[in-house]
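First up is the structure itself, then whatever we jot down about it.
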Amino acid sequence: MNNLLGMTMEELKQFAAEMGEKPYRGKQIFIWLNRGVRSFDEMTDLPKALREKLKSCAQIGGCSAVYVQEDESDGTRKILFESEAEPEADTFEGVFMKYSYGNSLCVSSQVGCRMGCRFCASTLGGLVRNLSAGEMLGQVLEAERVTGEKVGHIVIMGMGEPFDNYDNVAKFLRLLHEGKGRGMSWRNMTVSTCGLIPKIEQFAEDFPQVNLAISLHRLTDEGRTSIMPVNRKYPLEELLQAAQDYTEKTHRRITFEYALIDGENDTDEDVQRIIRKLGGMLCHVNLIPLNKVEETGFDGTSRQRAREIAGVLEAAGIPATVRRQLGSRIDGACGQLRRRQG
Ligand code: SAH
């Protein structure tokens, strides 16, 4: 079966041509798919015979929501998606969040993850597989369907390491931006990485206007390696140099994520280290009091201490914010996503 969602307009034109149809049929299909239709019968400007032909040789192949949890205090919804593209029925999660500037969807890029960060739930079962561009786009369309609201921003901070699945993520971003599709502005997209340096360099080339976030969490090699195995391959100094090169090349402010772990990385000395290492960089530090994941044994820093740290960083000239905590009542907060129902 051909999965059509996730194909570019060009690929769909080609597909139509291969079916013996006029290529502009591909454009029509592309437009319908990006509006979130769930069946070929909804593509009302296609001749009935063509719709029947499509049913016999293709499927839309997005995602369907199998479980939705809402945190009524802030409107956050955690959605368990099931892929329609794969017969194995893999599931993965996304989180719909309401902000003053609009709605945002936190999208998963992989089922599971192989990066092994010790505080994160998504990596506990290892990597199952990469998600396709269509499965990522499917999360956006399905989130709009189940919430009845528009998704204007996406952050790729769900399950998985997006730069470990670079090509599919890149295709997904281009599909979102496509004018005949959703026409989402590059600046409304954010990709977060644990620090795969070669891909950071490629990203600066390919997507200079998309926001980049790097998960730092500790500012010594020894300390960072102890909670993020990826630091062995891509050590801190090289990562910070890559971040510096990124800002010089793109002139874009980079976001550093720093999950505050009680007693691990939140001492005064740790804060001074942040100031020494990041001072002068075109950056913003996003402090996230660690969300509890039972298996990890780590606890989050108090919000009061987090605000205090933000104050010290600000005073030293480093823009810093404490991330609003959305969805913690439904385990929809950072690092708590895993394949689980109920
Ligand atoms: N793999 C990517 C994107 C997914 S995680 C990355 O590492 O950046 C999104 C953010 O949540 C990352 O900064 C990640 O380190 C952070 N995170 C993971 N577990 C967390 C937890 N338990 N509490 C708070 N943040 C967490």
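Run the accessible area of the stretch 186-291 with a 1.4 Å probe and give the carbon-and-sulfur part as a rounded percent.
Details: 1810 of 4270 Å².
C and S fraction of accessible area: 42 percent.
Using a/c under 1.5 as the rounded threshold, could you call the stretch 106-256 rounded, prolate or oblate? The axes a ≥ b ≥ c are square roots of the C-alpha gyration tensor eigenvalues, and prolate needs a/b larger than b/c, oblate otherwise.
oblate
Through the Karplus equation 6.51 cos²θ - 1.76 cosθ + 1.60, θ set to phi - 60°, convert the phi angles of the stretch 136-146 into ³J(HN,Hα) values in whole Hz; use x for Gly and Pro.
Each residue's phi maps through the Karplus curve to give 6, 4, x, 5, 5, 5, 6, 4, 5, 5, 6 Hz.
For the chain, set up a GNM with springs between Cα atoms under 10 Å and report which of Pro235, Pro289, Pro198 has the largest fluctuation.
Pro198
Compute the helix-to-body angle for 268-278: its Cα long axis versus the longest principal axis of the chain, expressed 0 to 90° and rounded to tens.
Helix 268-278 and the main axis of the chain meet at about 60 degrees.
Which of rounded, prolate or oblate describes the chain when judged by the alpha-carbon gyration tensor and an a/c cut-off of 1.5? Walk me through the intermediate numbers first.
On the way: a/c = 2.20, a/b = 1.82, b/c = 1.21.
Since a/c reaches 1.5 and a/b is larger than b/c, the shape of the chain is classed as prolate.
Any chance you could check the Cα centroid distance between the stretch 194-255 and the stretch 78-108 for me, in angstrom?
25
Calculate, for the chain, the solvent-accessible area per residue in square angstrom, rolling a 1.4 angstrom probe over the heavy atoms of the protein chains. Mind dumping the intermediate values first?
Details: 14480 Å² over 342 residues.
Per residue, the chain has 42 Å² of solvent-accessible surface.
Between Ala170, Leu127, Met159, whose Cα lies farthest towards the positive end of the dipole of the stretch 103-178 when Lys and Arg beta carbons carry +1 and Asp and Glu beta carbons carry -1, centred on the Cα centre?
So the residue we want is Leu127.
Nearest 10 degrees is fine. How inclined is helix 236-250 to the longest principal axis of the chain, computing both from alpha carbons?
60
In terms of solvent-accessible area of protein heavy atoms at a 1.4 angstrom probe, what is the ranking of Glu144, Glu308, highest value first?
The residues order as Glu308, Glu144, largest area first.
Given the protein chains as shown and a 1.4 Å probe, how many square angstrom of Tyr67 are accessible, to the nearest 10?
The value for Tyr67 is about 80 Å².
By how many nm would the segment from Ser226 to Met281 lengthen if fully extended, with 0.36 nm per residue of separation less the alpha-carbon distance?
Working: separation 55, 0.36 × 55 = 19.80 nm, distance 2.52 nm.
Length gained, Ser226 through Met281: 17.3 nm.
Which residue fluctuates most in the GNM of the chain (Cα springs below 10 Å): Gly112, Gly20, Gly183?
Gly20
Classify the stretch 31-99: rounded, prolate or oblate, from the alpha-carbon gyration tensor (a ≥ b ≥ c, eigenvalue square roots; a/c under 1.5 rounded; otherwise prolate if a/b is larger than b/c)? Mind showing how you got there, number by number?
On the way: a/c = 4.18, a/b = 1.95, b/c = 2.15.
Here the stretch 31-99 falls in the oblate category.
Output the relative contact order of the chain, whole-number percent, from Cα pairs under 8 angstrom with separation of 6+ residues. List each step's numbers first, then the result.
On the way: 675 pairs, mean separation 51.4, N = 342.
After rounding, I find 15 percent.
Tell me which of Cys113, Ile288, Ala17 sits at the most positive position along the dipole axis of the chain, charges placed on C-beta atoms (Lys, Arg +1; Asp, Glu -1).
It is Ala17, whose Cα lies furthest towards the positive end.
What does the charge dipole of the stretch 158-265 about its Cα centre add up to, to the nearest 20 debye, if the Cβ of each Lys and Arg holds +1 and the Cβ of each Asp and Glu holds -1?
Details: 13 positive and 16 negative charges, 113 e Å.
Rounded to the nearest 20 debye, it is 540 debye.
Relative to the first principal axis of the alpha-carbon coordinates of the chain, what is the inclination of helix 24-35, with its axis defined by its Cα atoms, in degrees from 0 to 90 and to the nearest 10?
Roughly 50 degrees between the two axes.
Modelling each spin label as a point 7 Å along the Cα-to-Cβ direction, I'd like the Tyr99/Asp41 distance in nm, to one decimal.
About 4.0 nm, to one decimal.
Among Ala310, Ala243, Ala58, determine the one that fluctuates most according to a GNM of the chain built with springs between C-alpha atoms less than 10 Å apart.
The residue with the greatest mean-square fluctuation here is Ala58.
Give me, ordered by chain and number, the residues 5 or more places off Glu84 or on other chains with an amide H under 5 Å from its own placed amide H.
For Glu84, whose amide H was placed from the backbone, the distant partners under 5 Å are Gly62, Cys63, Ser64.
What 222 nm value per residue comes from the helices of the chain, counting each DSSP H run with n ≥ 4 as -39,500 (n - 2.57) and dividing by all residues, nearest 500 deg cm²/dmol?
Values: 11 runs with 119 residues, N = 342.
Only helices count here, giving -10500 deg cm²/dmol.
Kindly work out what percent of the DSSP beta bridges joining two residues of the chain are antiparallel, to the nearest 5.
Details: 23 of 48 bridges.
Beta bridges within the chain, antiparallel portion: roughly 50 percent.
The values are calculated or read from the model by the stated rules, or taken from the named source; none is laboratory data. Everything quoted here is computed from the prediction, not taken from an experiment. We place every Cβ from the backbone using ideal geometry, glycine too, and count neighbours over all the protein chains shown. Just the protein is used for accessible areas: all its heavy atoms, side chains included, with ligands, DNA and RNA removed. Shrake-Rupley method; radii C 1.70, N 1.55, O 1.52, S 1.80 Å.
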